[in-house]
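Written out below as structure tokens is the structure these notes cover.
Values quoted throughout were computed directly from the atomic coordinates according to the rules given, and no laboratory measurement underlies them. The shown structure was predicted, so the numbers you read here are calculated from the model rather than taken from an experiment. Cβ placement follows ideal geometry from the backbone for every residue including glycine, while neighbour counts extend to all protein chains displayed.
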Amino acid sequence: DAKRSGRGRSVVYASSLGAASRRMHTVEQALREGLAQGQFELHFQPKVDARSLQALGVEALMRWEHPVLGSISPGEFIPAAERCGLIHELGVLALQQACQAARELRELNVAVNVSPLQLMDPGFVSSVERILRGAGVAPRLLHLEVTESLMLEDAPAALKRLHALRELGVQVALDDFGTGFSSLAYLRAFPFHTLKIDRSFVRSLTEHADARAIVNTIVKMARVLGMRTVAEGVESERELAVVRAIQCDEVQGYLVARPMPLTKLRDWLAGRPVTGPVDEVDSRIMP
Ligand code: C2E
Ligand code: MG
Ligand code: MG
Ligand code: MG
């Protein structure tokens with residue numbers, strides 16, 4: 001009996017594994033065609049000053065709407081693109097679309113997520129330079145977001161490229177800070193311009209005094225090291241209040257705005273009041 005149910009379970013397991021790997025294959029196949037047919041489009045999520053809520057920049061997030069499969073999340077297609085080598089092409093597309101947007105967003109910076117695999121490509125820095133020049137965008141307006149996993153792969157080469165990007169005038173942000181294991185080591189290894197505190201940390205801020213103490217220390221340390229801090233995934237007024245209390249510089253999250261297409265972003269920015277007193281802020285933040 002036990003044997004039979006054991007076998008039953010393994011059959012279920014094997015068939016769901018089969019479904020998962022079929023899906024992976026489908027997505028990888030569809031990627032190539034999707035790129036050729038222009039199915040990928042950046043959306044933009046505002047980053048605002050934590051105190052005044054004035055927009056300072058946007059993060060570019062890739063969206064994929066497949067005519068048959070529907071919308072596929074970056075959490076699924078980015079790893080797929082990394083597996084099948086299309087991440088470089090997708091990465092160039094993101095940089096091009098982001099730089100086009102930067103032209104019309106004028107003084108707002110545009111942050112683009114970069115896969116570790118892109119930074120392992122020896123041609124990456126010159127391709128960034130070419131795209132910036134082609135679009136006529138000032139390098140300081142381009143921010144590149146990298147994660148800690150980057151440096152596990154090939155630290156010296158990746159660091160060299162990050163330094164070259166810095167010299168170009170591009171800003172470099174450490175994304176998802178607090179989710180990795182050796183965060184502090186990375187901060188010593190490379191002078192990031194910005195530290196993005198992961199939303200899992202932000203979430204725990206309102207609930208746990210120890211999390212608050214840790215993030216508070218991180219923010220102070222970042223300031224000493226000359227880095228700006230961004231709180232990611234701020235969803236509530238309570239979270240915003242704590243983020244302000246620990247003097248985080250910038251805020252990004254659903255409370256302020258969700259990622260949106262460029263056309264929507266134009267309206268969002270146009271309907272935005274110029275910076276005012278901080279105590280007027282709470283009534284202005286909600287749509
Ligand atoms: P990320 O860079 O950490 O981006 C932040 C993610 O959090 C985005 O998810 C965003 O939509 C989501 N988010 C923002 N505010 C909130 C909030 O208040 N609450 C919640 N629950 N979520 C919020 P998204 O767009 O699904 O992207 C997921 C990840 O995929 C990104 O994480 C990034 O690592 C990667 N990604 C997205 N676009 C690109 C791209 O063009 N290139 C590369 N290499 N990676 C990308
Ligand atoms: Mg990011
Ligand atoms: Mg992040
Ligand atoms: Mg993330």
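Binning the C-alpha pair distances of region 42-114 at 5 Å intervals from 0 yields a P(r) profile of 4, 15, 22, 21, 16, 12, 7, 3, 1 %, listed from the shortest bin outward. Each stretch of four or more DSSP H residues adds -39500 (n - 2.57); spread over every residue of the chain, this sum gives -16500 deg cm²/dmol at 222 nm.
Cα axis of helix 87-105 to longest principal axis of the chain: angle in degrees, 0 to 90, nearest 10? Between the helix axis and the principal axis of the chain, the angle is about 30 degrees. The lysine pair count for the chain, using Cα distances under 24 Å and pairs eight or more places apart or on different chains, is 5. The packing ranking, built from the mean of other Cβ atoms within 10 Å per residue, places the peptides 126-137, 94-105 in the order 94-105, 126-137, highest first. Highest average first, the peptides 233-243, 44-54 ordered by how many other beta carbon atoms sit within 10 Å of their residues are 44-54, 233-243. If you fit an axis through the alpha-carbon atoms of helix 2-36 and take the longest principal axis of the Cα set of the chain, what angle between them do you get, 0 to 90°, nearest 10? Approximately 60 degrees, to the nearest 10. Angle between the Cα long axis of helix 209-224 and the longest principal axis of the chain, 0 to 90 degrees, nearest 10? Relative to the chain, helix 209-224 is tipped by roughly 60 degrees.
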